[in-house]
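The values are calculated or read from the model by the stated rules, or taken from the named source; none is laboratory data. Model, not experiment: these values are computed from the prediction. Quick reminder, even Gly has a Cβ in these numbers, built from the backbone with ideal geometry, and neighbours come from all protein chains shown. Heads up: the accessible areas ignore ligands, DNA and RNA and are worked out on the full protein's heavy atoms, side chains in. Shrake-Rupley method; radii C 1.70, N 1.55, O 1.52, S 1.80 Å.
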Amino acid sequence: DSGRDSVADAIDKYGAGEKTFDFTKFDVNGDELSNDALVFSCVRDNFTGLVWEVKTGNASPQFSALRSVENQYSINDALNPVGTCPSAYICSVEQYMEAVNDQAFCGGANWRLPTYLELMGIMDYGEVDKNNLLPNEYFPNTPDRSQLNHLFYWVSNENVEGGGDLFNWVIDIGNGDDSAINATSKAYVRLVREP
């Protein structure tokens, strides 16, 4: 009854999506694809203009692909979660962002962590009975909750309560809850960029 959903009938869409979500799919080079494309690498949220990384499925062997959905990272570069990321050189959030930017993935080299509000903006809180709150048609791959017993995704906001940069905010895309966890903990990453 509130937010964009309250004016859903009055919103013109550029792309597609349920309710008031409006996404456009892109290939790995950053070229627009049709709304019914089954293979795509990024999506643009046409409401905010932000371009979001779309994760690849589980890799074989596990953790071997750069953008695989199950890869886990720490914010703190000093204590990398080795064994849960593509290589010993790409185990922190910063190293991961650098690797994706070096590829000019989806036509851009300005990939970063989303803010708390940016990540919340692509979650559908009306779908709490599903595996996760991201629109599955546009974000098809989700890690297995049993890996870490949560679906925490890092956001760029630090927690300032007791500990300074020791704690960072995460959002659980499985239920929408937020938490402040130690920067050395493992969580997932979904990058975003401005076009």
Exercise. When the residues of the stretch 51-61 are filtered to those that are more than 12 Å from the chain's Cα centre (by Cα) and modelled with pLDDT of 80 or more, which remaining residue is least open to solvent (accessible area, probe 1.4 Å)?
Worked result: 57
For this session: Among the residues of the stretch 138-195, write down those that are assigned to a loop (DSSP other than H, G, I, E, B) and either open to solvent by 60 Å² or more (accessible area, probe 1.4 Å) or charged (D, E, K, R) (or both).
Result: 140, 144, 149, 160, 161, 162, 175, 177, 186, 190, 194, 195
Problem set entry | Selection within the stretch 93-114 - open to solvent by 60 Å² or more (accessible area, probe 1.4 Å), in a loop (DSSP other than H, G, I, E, B) and farther than 19 Å from residue 156 by Cα | 103
Problem set entry | Hits in the stretch 115-137 (condition: closer than 12 Å to residue 176 by Cβ, open to solvent by 20 Å² or more (accessible area, probe 1.4 Å) and not in a loop (DSSP other than H, G, I, E, B)) | 116, 120
For this session: Please indicate, with yes or no, whether at least one residue in the stretch 42-50 is of a type in the set (Lys, Arg), open to solvent by less than 50 Å² (accessible area, probe 1.4 Å) and at pLDDT below 95.
Result: no
Problem set entry | Pairs, first modelled with pLDDT of 80 or more in the stretch 84-98, second of a type in the set (Gly, Ala, Ser), C-beta under 6 Å, six or more apart | 92/74
Problem set entry | Inter-residue pairs, beta-carbon under 6 Å, first at positive phi and in a loop (DSSP other than H, G, I, E, B) and in the stretch 3-32, second modelled with pLDDT of 65 or more and surrounded by 11 or more Cβ atoms within 10 Å (Cβ to Cβ), 6+ apart | 17/23; 30/106; 30/107
Exercise. Which of the residues spanning the stretch 62-76 are open to solvent by less than 10 Å² (accessible area, probe 1.4 Å) and of a type in the set (Phe, Trp, Tyr)?
Worked result: 73
Seminar exercise, completed: Flagged in the stretch 120-146 as more than 15 Å from the chain's Cα centre (by Cα) and free of Cβ contacts under 8 Å to residues at least 12 places away in the same chain, in numbering order, are 127, 129, 130, 146
For this session: Check whether at least one residue in the stretch 105-125 is out of contact with any His (no Cβ under 7 Å at 6 or more places or on another chain) and on the phi > 0 side of the Ramachandran plot, and report yes or no.
Result: yes
